[in-house]
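Notes follow once the structure below has been shown.
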Amino acid sequence: MFIEERHQAILAWLNEKGSITNGDIQEQFGVSYDSAKRDLRILEEKGLLKRTHGGALPLHQVAIGRLAKKTVKDIESIKENYLLIALKAVSMIKDNDVIFLASATVCYFMAQNLPDNIRIRVVTNSIVIAEELRTKDNVSVILLGGEMDNKGNCYDAIAVETVNRLRFDKCFITSAFISAKFGLSIQRTAAISFYSAVINSSKQTIGLFPKEKIGFDSIVSICPAERLNIMITDWDASEDDLKLFDEKGIEIVIVEKEDDQGME
């Protein structure tokens, strides 16, 4: 196979599966590790993909946006990095913390995995997350009101006014994408004021960003990246991107793949 044909096949793989690793390229095309890395570097230089630590993503990833009730089957099929980031975030919660959970899949996983042995007060603008927490005896829930959108979330002036009257020990947020230059970004303007209020009301702002969301820009910037105190990401995030965030004074926490956690 000519190199141009291999590059087209790599792009087709990305289009179908959403990501590719150096190992995938080695196994699929019978090339060396160095050749696989070189293929991805060439394609990135042409503006056709974005390299990660161990592979590549399509140039324009679509982040998970719609938050709905998750079944056991849904949880099993979700990308491993989302769940592991959620578990790491949960480990940062202390007894009697007041926390904010954004309306996002990764925060939903946090809600499902909150510990039973400490008292927590959770503020959220998501009716889905609030419903998940409703039966937890050790969790007190404040559901922000206002005009609800068709996904069960409130972002309007009433929700903003309520947030301005609250103070959080920690807020756990994410966005469609994040980059060092453009910051946290989303597709619609409706949530800008809301998330600005949440960050302003928080002692500590923790961003939850799987590799799929890092290094890309959406249409509207919520805030600069340095508004985050901590960013939790996964083992395959681009080292070049993470270096830029580190230079802005953001503490980077990287979760390891479960297969790697037991290795000495």
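The values are calculated or read from the model by the stated rules, or taken from the named source; none is laboratory data. Since the model is a prediction, treat every value here as computed from it, not as a measurement. So basically every Cβ, Gly included, is an ideal-geometry build from the backbone, and we count neighbours across all protein chains shown.
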(request) Starting from segment 174-191, take each residue that is crowded, with 16+ Cβ neighbours inside 10 Å and list its partners that are of a type in the set (Asp, Glu) and part of a loop (DSSP other than H, G, I, E, B), counting only C-beta distances under 7 angstrom and pairs at least six apart or across chains. (result) Phe177/Asp217; Ser179/Asp217; Phe182/Asp217; Ser185/Asp217
(message) If a residue must be closer than 18 Å to Asn15 by Cα and either among the aromatic types (Phe, Trp, Tyr) or at pLDDT 80 or above (or both), how many such residues does segment 28-48 contain?
(response) 9
(request) Run Phe245 past the list (1) modelled with pLDDT of 95 or more; (2) surrounded by fewer than 22 Cβ atoms within 10 Å (Cβ to Cβ); (3) over 29 Å from Thr162 (Cβ atoms) and report the number of the one that doesn't hold. (result) (2)
(message) Only one of Ile206, Ile214 is at pLDDT below 95 and under 19 Å from Asn81 (Cα atoms). Can you tell me which?
(response) Ile214
(request) Those residues that are under 12 Å from the mean Cα position of the chain (by Cα), farther than 19 Å from Asn153 by Cβ and either part of a strand (DSSP E or B) or among the basic types (Lys, Arg) (or both), I need them from segment 185-219; list them, please. (result) Ile206, Lys211, Ile214
